[in-house]
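Undergrad: Take this structure first; my questions come after.
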Amino acid sequence: MAEGENKGLVLLDFWVSPFGQRCRIALAEKGVEYEYREENLRDKSPLLLKSNPVHKKIPVLIHDGKPVCESLIIVQYIDEAWPDRAPLLPADSYARAQARFWADLVDKKMYESGTKLWKLKGEAQEEAKKEFIEILKLLEGELGDKKYFGGDTFGLVDIALVPFTAWFYSYEACANLSAEKEAPKLVPWVKRCRERESVSKSLPDPLKVYEFVCFLKKVYGIE
Amino acid sequence: MAAAALIGGWPSPFVLRARVALNLKGVEYEFLQEKYGEKSELLLRSNPVYKKVPVLLHHDKPVCESMIIVEYVDAAWAKSGQAILPADPYERALHRFWAVYIDDKVRMPPSISDLLVPSMFGIAKAQTEEAKAESVEQAWAALKLLEEAFEKLSKGKAFFGGGTIGYVDIALGAYLGWAKVIEQMAGLKLFDEEKTPLLAVWAERFCAHEAVKEVMPETEKLMEFAKMRLGK
């Protein structure tokens with residue numbers, strides 16, 4: 001084993017994954033150096049399989065040889081391991097519970113619902129659109145007039161949600177659903193987040209995401 | 001209303017998690033039992049997003065989602081009792097990982113708005129013998145992983161949390177009442193001494209714990225409730 005192999009930070013990731021992007025944003029917010037390793041999900045590395053034997057999924061953050069799995073768990077770990085700067089969760093325990101609740105909601109709803117938008121057609125897609133719009137409106141309501149979901153500070157909920165905004169273009173192209181039209185109050189929040197270097201450097205080009213979605217559709221045999 | 005109140009139903013494993021956490025911290029709370037089949041105004045107001053139990057009301061402010069409540073109780077009453085989550089960030093990440101895994105594998109049916117029978121690895125819902133057998137195999141596979149996790153996390157002590165009940169103990173232990181129901185209904189052992197010896201012992205220990213035994217629903221009562229829900 002090479003010297004220093006078990007030291008430092010490695011992020012096993014896949015460029016288009018919103019879950020991986022959450023980790024990249026969190027690491028950037030903390031200003032922490034790490035090695036980014038792109039995984040080929042059709043040919044997973046031995047390191048990935050060893051580091052996440054239960055799910056064999058990215059992202060995985062390996063810190064001094066110890067793997068942390070599940071994106072929101074990774075983000076909270078990053079927050080707790082570097083407590084001296086850029087807090088990603090509020091100090092107050094009630095506010096923290098609220099942040100976890102909304103981040104968990106994003107986890108439960110956004111990915112599945114968003115995926116249905118490009119995977120389904122016809123009636124099923126219409127149903128998916130209704131569901132997705134409901135989620136957007138719920139989030140819009142929760143944001144209200146605040147700068148970020150957590151208030152003045154960019155934090156867990158923002159990090160959980162913002163990667164999905166790179167998919168808005170794809171949702172519009174595939175399902176004719178404009179997130180901006182359906183939840184206009186989120187628009188300034190998206191802009192505000194993208195002004196942060198941690199976000200702009202971590203999020204992919206929406207057009208590239210769309211290319212990827214088109215590729216997946218071919219793979220799945222979807223029109 | 002007392003400073004702390006918990007909206008819940010006695011059969012719910014999720015409600016049980018909140019109760020165990022509150023008991024571990026010695027918190028005095030009012031238990032607001034929901035009427036079966038009917039959601040109270042208070043519940044709908046306190047959890048408008050999911051409209052589900054448990055909801056912890058602390059000075060009238062609602063906290064929802066069982067493991068979020070557990071973590072909140074740990075922080076809000078940090079000075080009482082033992083810590084539920086470990087202090088070390090890496091250990092915390094491990095505990096959180098296994099709690100997520102547990103909820104992922106011991107799946108509740110989608111329509112959990114009232115207190116339905118948890119599908120317990122899909123066993124209760126299995127329509128055919130083959131489906132049931134497959135669900136059981138998956139259950140044992142998941143429990144084997146949890147057995148290994150127990151070995152690592154407990155470090156030779158009594159619970160996932162070490163010497164005291166911790167986050168993962170609460171996450172998994174909450175299902176033990178229903179596990180016994182499924183075992184009886186399906187005629188099998190889930191927490192099998194031969195397959196997962198450490199967990200089998202842990203299960204007994206968890207149920208016997210001070211903070212648990214008063215609030216763990218009795219198997220017979222759960223059986224009656226299950227039969228009623230399944231219309232058997």
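Any read-out appearing in this document is the output of simple, stated calculations on the displayed coordinates, not a laboratory observation. None of these values were measured; they are calculated from a predicted model. Glycine gets a Cβ as well: all are built from the backbone with ideal geometry, and neighbour counts include every protein chain shown.
Undergrad: Quick one: grab the alpha carbon gyration tensor of chain A, order the square roots of its eigenvalues as a ≥ b ≥ c, and give me rounded if a/c is under 1.5, else prolate or oblate depending on whether a/b is larger than b/c.
TA: Details: a/c = 2.04, a/b = 1.20, b/c = 1.69.
Note, shape of chain A comes out oblate.
Undergrad: Choose one answer from A:Asp13, A:Asp145, A:Asp92: the residue with the largest mean-square fluctuation in a GNM of chain A with alpha-carbon springs under 10 Å.
TA: Looking only at A:Asp13, A:Asp145, A:Asp92, the biggest GNM fluctuation is shown by A:Asp92.
Undergrad: I've got another one for you. Check which residues have an amide H placed less than 5 Å from B:His209's amide H, if you skip close sequence neighbours.
TA: none
Undergrad: Between B:Ala4, B:Leu42, B:Gly187, whose Cα lies farthest towards the positive end of the dipole of chain B when Lys and Arg beta carbons carry +1 and Asp and Glu beta carbons carry -1, centred on the Cα centre?
TA: Checking the options against the dipole of chain B, the answer is B:Leu42.
Undergrad: At 222 nm, what helix-only mean residue ellipticity would the protein assembly as shown give, in deg cm²/dmol to the nearest 500, using -39500 (n - 2.57) for each DSSP H run of four or more? List each step's numbers first, then the result.
TA: On the way: 21 runs with 245 residues, N = 455.
One gets -16500 deg cm²/dmol as the mean residue ellipticity at 222 nm.
Undergrad: Which one of A:Leu186, B:Gln138, A:Leu89 has its Cα pushed farthest toward the positive end of the charge dipole of the protein assembly as shown, where Lys and Arg give +1 and Asp and Glu give -1 at the Cβ?
TA: About the Cα centre, the residue reaching furthest to the positive side is A:Leu186.
Undergrad: What are the ³J(HN,Hα) couplings of the range A:135-144, residue after residue, when phi is run through the Karplus curve with 6.51, -1.76, 1.60 and θ = phi - 60°? Round to Hz, x for glycine and proline.
TA: 5, 4, 5, 4, 5, 4, x, 5, 5, x
Undergrad: Sticking with this one: How high is the FRET efficiency between A:Glu126 and B:Glu28 when r is their beta carbon distance and R₀ equals 51 Å, given to the nearest 0.05? If you can, show how the numbers build up before the last one.
TA: Numbers: r = 50 Å, r/R0 = 0.99.
E between A:Glu126 and B:Glu28, to the nearest 0.05, is 0.50.
Undergrad: Right, something else. What's the local net charge at B:Phe97, with K and R +1, D and E -1, over the other residues with C-beta under 11 Å away? Could the numbers behind the result be given before it?
TA: Working: positive: B:Arg92, B:Arg96; negative: A:Glu70, B:Glu91, B:Asp104.
Once positives and negatives cancel, what remains is -1.
Undergrad: Let me ask something else. In whole angstrom, note down how far apart the Cα centers of the range A:161-190 and the range A:51-101 are.
TA: Taking the Cα centre of the range A:51-101 as reference, the centre of the range A:161-190 is 26 Å away.
Undergrad: So which trypsin sites (Lys or Arg not before Pro) in the range A:98-196 pass both tests, a DSSP loop state and at most 13 other Cβ atoms within 10 Å of the Cβ?
TA: Details: sites: A:Arg100, A:Lys108, A:Lys109, A:Lys116, A:Lys119, A:Lys121, A:Lys129, A:Lys130, A:Lys137, A:Lys146, A:Lys147, A:Lys181, A:Lys185, A:Lys191, A:Arg192, A:Arg194, A:Arg196; in loops: A:Lys121, A:Lys146, A:Lys147, A:Lys185, A:Arg196.
For trypsin sites (Lys or Arg not before Pro) across the range A:98-196 that sit outside H, G, I, E and B with at most 13 neighbouring Cβ atoms in 10 Å, the list reads A:Lys121, A:Lys146.
Undergrad: Based on the Kirkwood radius over alpha-carbon pairs, what is the Stokes-Einstein translational diffusion coefficient of the protein assembly as shown at 4 °C with 1.567 mPa s viscosity, in µm²/s? Walk me through the numbers on the way to the answer.
TA: On the way: Rh = 23.4 Å.
So the translational diffusion coefficient is about 55 µm²/s.
Undergrad: Evaluate E = 1/(1 + (r/R0)^6) for A:Glu33 and B:Glu130, where r is the Cβ-Cβ distance and R0 equals 51 Å; express this FRET efficiency to the nearest 0.05. Write out the running numbers ahead of the final one.
TA: Numbers: r = 52 Å, r/R0 = 1.02.
My answer for the efficiency is 0.45.
Undergrad: Treating only the Cβ of Lys, Arg, Asp and Glu as charged (+1, +1, -1, -1), what charge dipole size does the range A:2-159 show about its Cα centre? Round to the nearest 20 debye. Mind dumping the intermediate values first?
TA: Details: 24 positive and 28 negative charges, 87 e Å.
About 420 debye.
Undergrad: With +1 on each Lys and Arg Cβ and -1 on each Asp and Glu Cβ, and nothing else charged, work out how big the dipole of the protein assembly as shown is about its Cα centre, in Debye to the nearest 20. Write down the numbers at each step before the final one.
TA: On the way: 63 positive and 68 negative charges, 97 e Å.
Dipole about the Cα centre, nearest 20: 460 debye.
Undergrad: Okay, moving on. Whose amide H sits under 5 Å from the amide H of B:Phe31, counting only residues 5 or more places off or on another chain, with H placed in the peptide plane?
TA: Here B:Leu6 satisfy the definition.
Undergrad: Can I ask one more? Give, rounded to the nearest 20 debye, the magnitude of the charge dipole that chain B has about its Cα centre when Lys and Arg contribute +1 at Cβ and Asp and Glu contribute -1 at Cβ. Each step should come with its number before you reach the end.
TA: Numbers: 29 positive and 32 negative charges, 73 e Å.
Here chain B has a charge dipole of around 360 debye.
Undergrad: Put +1 on the Cβ of each Lys and Arg and -1 on the Cβ of each Asp and Glu in the protein assembly as shown; which of B:Ala211, A:Gly144, B:Asn23 then has its Cα farthest toward the positive end of the dipole?
TA: The one lying farthest along the dipole's positive direction is A:Gly144.
Undergrad: Give me the inter-chain shielding for A:91-103: mean count of other chain Cβ atoms within 10 Å, whole number please. Don't skip to the answer; put the middle values down first.
TA: Working: counts 0, 2, 10, 8, 0, 5, 14, 6, 1, 6, 10, 1, 1.
For peptide A:91-103, the averaged partner shielding equals 5.
Undergrad: What is chain B by shape, rounded, prolate or oblate, if you read a ≥ b ≥ c off the alpha carbon gyration tensor as root eigenvalues and call it rounded for a/c under 1.5, prolate for a/b larger than b/c, and oblate otherwise?
TA: oblate
Undergrad: Now for a different question. Ranked by Cβ crowding within 10 angstrom, fewest neighbours first, how are A:Leu207, A:Leu117 ordered? Could the numbers behind the result be given before it?
TA: Numbers: A:Leu207 12, A:Leu117 22.
Ascending Cβ contact count within 10 Å gives the list A:Leu207, A:Leu117.
Undergrad: If you don't mind, another one. For a quick check, take a GNM of chain B with Cα springs below 10 Å and name the residue from B:Pro89, B:Pro62, B:Pro217 with the largest mean-square fluctuation.
TA: B:Pro89
Undergrad: Still on this structure, I have one more. Neighbour counts of other C-beta atoms within 10 Å: give me B:Thr196, B:Thr164 arranged from fewest to most. Provide the component values of the computation, followed by the final result.
TA: Values: B:Thr196 22, B:Thr164 16.
Listing B:Thr196, B:Thr164 from fewest to most nearby Cβ atoms yields B:Thr164, B:Thr196.
Undergrad: For the range B:134-159 and the range B:183-232, compute the distance between their C-alpha centroids and round to whole Å.
TA: 16
Undergrad: Would you look at the GNM of chain B, springs on alpha carbons closer than 10 Å, and say which of B:Ala76, B:Ala142, B:Ala200 moves the most?
TA: B:Ala76
Undergrad: Can you work out the FRET efficiency for the pair A:Arg85 and B:Glu210, with r the C-beta to C-beta distance and R0 = 35 Å, to the nearest 0.05? Display every interim value, and only then the final one.
TA: Values: r = 41 Å, r/R0 = 1.17.
Calculated transfer efficiency: 0.30.
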